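Shown next, in structure tokens, is the structure this report addresses.
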Amino acid sequence: MAEQRVQWFKFASPPNFYDLAGRLAPWFGGLAAILFVVGLYIGFILAPPDYQQGNSYRIMFIHVPTAWMSMFLYVLMAVYAAIGLIWRVKTAEVMAKAIAPTGAMFAFLCLWSGALWGKPTWGTYWVWDARLTSQLILLFLYLGYMALHAAIEDRQRAANASAILALAGVVNVPIIYFSVVWWNTLHQGASVTVTSAPTMETVMFAALLVMTFACWMYAIAVVLWRARLELLERERRAAWVLERMGEKA
Amino acid sequence: MNGLATALITLLRRDLILALRRRQDALVVLGFFVVVVSLFPLGVGPDPQLLRSMAPGVLWVSALLATMLSLERLFSDDFRDGSLEQILLAPQPLSLLVGSKILAHWLITGLPLVLISPLLGMQLGLDGTEILTLMAALLLGTPILSLVGAIGAALTLGLRGGGVLISLLILPLYVPALVLGAGAVDAVMYGSSAQAHLSLMAALLILTLLLAPWAIAAALRIMLD
Amino acid sequence: MSHAAHVVFPAHRLDVEGLVAERGERLLIQGLGFSLAGGELLQVAGRNGAGKTTLLRILCGLSRPLEGRICWDSVPVQHLEDGPAAHLAYLGHTNALKDELSGEENLRIQSALQGRRVGRDEAWEVLGRMGLGGHEDLPVKFLSQGQKRRVALARLLLVRRPLWILDEPFAALDVQVIEVLRSALEAHLAANGMIILTTHQAVPIKGRQRTLTLGKAA
């Protein structure tokens, strides 16, 4: 047990994290590319058209994984932020900051694909459907987090302050979600929800699963890269940075 | 009376006295609320049926914006003149002292909104029970707005453009209060009971009361570090 | 002016060990340590940006050091029963006064916040000692800069804390107020109090004192 803890702290130390992330990121990136190709192949070529929605349902293979990712990533961001705030682990602070843009991108993709799916299904790009609305608010939460981070000059203070915001947000996300769902049912919202997939066949499910994994791999690769760069900037006066930069020069 | 109670009452009294001697601050917020609500009919037309059905949403959104407007000054005056440092140094728990300040903020800005809301409700064509529901919802909801908003006010302390930033940070967090508050009046309007909405709003208020002061205290310590 | 030091503080000790602090990613203080006993004054010197204010804020518990320990009577300050600052009074660059309130109101509110209730008479007495007789119930915004500083100094006397931490207390004061402050500091030391201050001006103060210069290595 004690040994394990030591190992974890070793991984969390900036130079070790930097090296390890540098080695791992390309693998995750490569894996993401392969899974995207496979997933798109299954979803767009192997899977049969839906008897009700025709081909338009295939947007689901983008829409659903991005929706999941944006929510997972927000929670993950808050977890890292909490670790950084409570135990003052610099690597965790950097990870939280690095996750935000990717999470926001997924939320945006989810909204966009939702709009594209809405046009053939409802005949309009935007419907105040519960899930789309809560995704929109999630996007606002991401934007607020990034804006606060950017507004505070001192990096340590920026990390701590945005951690508080992320925690306030993560407590609120389920409340927001349920209140929006409730609001929607009371106001007789759209009768077809975007994410209610047509009767799911195995091949569709497989495509969905592969696409979700692809998104995860992509997220990990990009976040690790971004965290590496952020760490370099924050530690630019530290010996380990100078040492590594010297090697490359 | 022990030291903690003395300190809490002192801080509450101080903020109330300051608000009395600078009355225009609170009045501006109230005026903003009234003006925004009065602009809606000019924007959407005078059709009474339309105005009536929009009234809950209009009143709540205006209340959110009015609260937003008052938040920037919640801590920034104390921050600028150094009083906030002294509050942080006090031997009492910061989260409770912060609670005192927020109670003062609510009494100065939240409560007047509740009290003037019947007038605006009537203007938009709400009837008696609807107005009572509106007041009850605002009474439970405006403290939530002050508490959650204070987190944003603390986090943007001393930042350039803090006022605009608060809105981006805090308005998404206001969604549950907005949905429940406007929903309560809607429910009465469509002939059902607002009890579920109001109970949930009360639960939300209790949750916020438990968590927000802690977050505000932490945010203040971070921003003054 | 009377040295109305009717309080004499029991023997206290402040110990600082291995303090490391940074500001905006710049390491300002590295491995700093000192001890202070009752009746002693520590003057923190150093050029601008050497970390004087940072050090004072850390000693108050407003800022967190990266490493190091601050002990009051051998107890780490974060474990003190009444919080990390209940033994000290801090005067920063700002006076922490509310413009709309009178000197008396400011003092009584501040003292109550710091856990000591002060009556009207006591507040007036201290304001009088600071040379503000006749201005007690005037809103502070009508006072001059020097007079405001005097009200802030009166706060130090009222809260009766053994350790005073003062950031540039002599800055922008006229000769007369410097004299008032000097005698207040001497009275505090005579009452077995401790003082840590930063200053650019050389003001002779009677009592045991030392100087700590920051940023010598840099």
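Here are a few things to note about the model shown:
- Complete set of residues in region C:158-176 that are surrounded by fewer than 19 Cβ atoms within 10 Å (Cβ to Cβ) and touching a Gly at 6+ places or on another chain (Cβ under 6 Å): C:D174
- Residue among C:R149, C:R155 that alone is touching a Ser or Thr at 6+ places or on another chain (Cβ under 8 Å) and either buried (at least 19 other Cβ atoms within 10 Å of the Cβ) or not assigned by TED's automatic domain parsing to the domain that holds C:I109 (or both): C:R155
- Any hit, region C:125-140, residues being farther than 21 Å from B:G3 by Cα and within 13 Å of chain B (Cβ to nearest Cβ): yes
- C:L132 being touching a Ser or Thr at 6+ places or on another chain (Cβ under 7 Å), at pLDDT below 95 and not assigned by TED's automatic domain parsing to the domain that holds C:L197: no
- Residues in region B:85-114 that are under 22 Å from C:A96 (Cα atoms) and either more than 14 Å from chain C (Cβ to nearest Cβ) or in a helix (DSSP H, G or I) (or both): 17 in all.
- Within region B:156-169, the set of residues being within 8 Å of another protein chain (Cβ to nearest Cβ) and either within 30 Å of A:N184 (Cβ to Cβ) or of a type in the set (S, T, N, Q) (or both) comprises B:T156, B:L165, B:L168, B:L169.
- Index of the failed condition, B:L119 passing every other in (1) aliphatic (A, V, I, L, M); (2) crowded, with 23+ Cβ neighbours inside 10 Å; (3) over 15 Å from the mean Cα position of the chain (by Cα): (2)
- Sole residue being farther than 18 Å from B:L107 by Cα and either of a type in the set (D, E, K, R) or in contact with a Cys (Cβ under 6 Å, 6 or more places away or on another chain) (or both), chosen from B:D47, B:D15: B:D47
- Filter pass, A:T121 being away from chain B (no Cβ under 12 Å), under 17 Å from the mean Cα position of the chain (by Cα) and among the polar types (S, T, N, Q): no
- Pairs with Cβ under 7 Å, 6+ apart, first in region A:112-129 and modelled with pLDDT under 90, second part of a helix (DSSP H, G or I) and surrounded by 20 or more Cβ atoms within 10 Å (Cβ to Cβ): A:W117/A:I59; A:W117/A:H63; A:T124/A:G118; A:Y125/A:G118; A:W126/A:G118; A:V127/A:G118; A:D129/A:N184
- Given (1) more than 20 Å from B:I131 (Cα to Cα); (2) in contact (Cβ under 8 Å) with a residue 60 or more places away in the chain; (3) touching a Phe, Trp or Tyr at 6+ places or on another chain (Cβ under 9 Å), number of the condition B:L64 does not satisfy: (1)
- None of C:R108, C:R182 is assigned to a helix (DSSP H, G or I), charged (D, E, K, R) and under 19 Å from C:A45 (Cβ atoms) except C:R182.
- Filtered residues of region A:54-82 (kept if modelled with pLDDT under 95 and more than 12 Å from the chain's Cα centre (by Cα)): A:G54, A:N55, A:S56, A:Y57, A:R58, A:I59, A:M60, A:F61, A:I62, A:H63, A:V64
- Residues of region B:171-187 that turn out to be buried (at least 22 other Cβ atoms within 10 Å of the Cβ) and either more than 8 Å from chain A (Cβ to nearest Cβ) or not in a helix (DSSP H, G or I) (or both), as a count: 6
- Looking only at region C:72-99, and only at residues there that are acidic (D, E) and out of contact with any strand residue (DSSP E or B) (no Cβ under 6 Å at 6 or more places or on another chain), the one that is nearest to the other protein chains (Cβ to nearest Cβ): C:D82
- A:G118 closer than 30 Å to A:Y51 by Cβ and either of a type outside the set (K, R) or not in a helix (DSSP H, G or I) (or both): yes
- Candidates B:L39, B:L51, B:L20, filtered to the one that is surrounded by 13 or more Cβ atoms within 10 Å (Cβ to Cβ) and either part of a helix (DSSP H, G or I) or away from chain C (no Cβ under 13 Å) (or both): B:L51
- Test result for A:P174, over 23 Å from B:A217 (Cα atoms), away from chain B (no Cβ under 11 Å) and not β-branched (V, I, T): no
- B:L147 falls short of the stated requirement of being facing chain A (nearest Cβ under 9 Å), touching a residue at least 12 places away in the same chain (Cβ under 8 Å), in a helix (DSSP H, G or I) and not hydroxyl-bearing (S, T, Y).
- Set A:A92, A:A98, A:A104: member being part of a helix (DSSP H, G or I) and closer than 19 Å to B:I222 by Cα: A:A92
- Subset of region A:218-249 [out of contact with any strand residue (DSSP E or B) (no Cβ under 9 Å at 6 or more places or on another chain) and not in a helix (DSSP H, G or I)]: A:E235, A:R236, A:A238, A:A249
- One residue alone among B:T142, B:T129, B:T156 is surrounded by 21 or more Cβ atoms within 10 Å (Cβ to Cβ) and more than 22 Å from A:A151 (Cα to Cα), and that residue is B:T142.
- Positions within region B:156-183 being in contact (Cβ under 8 Å) with a residue 12 or more places away in the chain, in contact with a Ser or Thr (Cβ under 6 Å, 6 or more places away or on another chain) and under 28 Å from B:M135 (Cα atoms), in sequence order: B:I166, B:P176
The values are calculated or read from the model by the stated rules, or taken from the named source; none is laboratory data. From a predicted model like this one, the values you see are computed outputs, not experimental measurements. Here the Cβ is made from the backbone with ideal geometry for all residues, glycine too, and neighbour counts use every protein chain on show.
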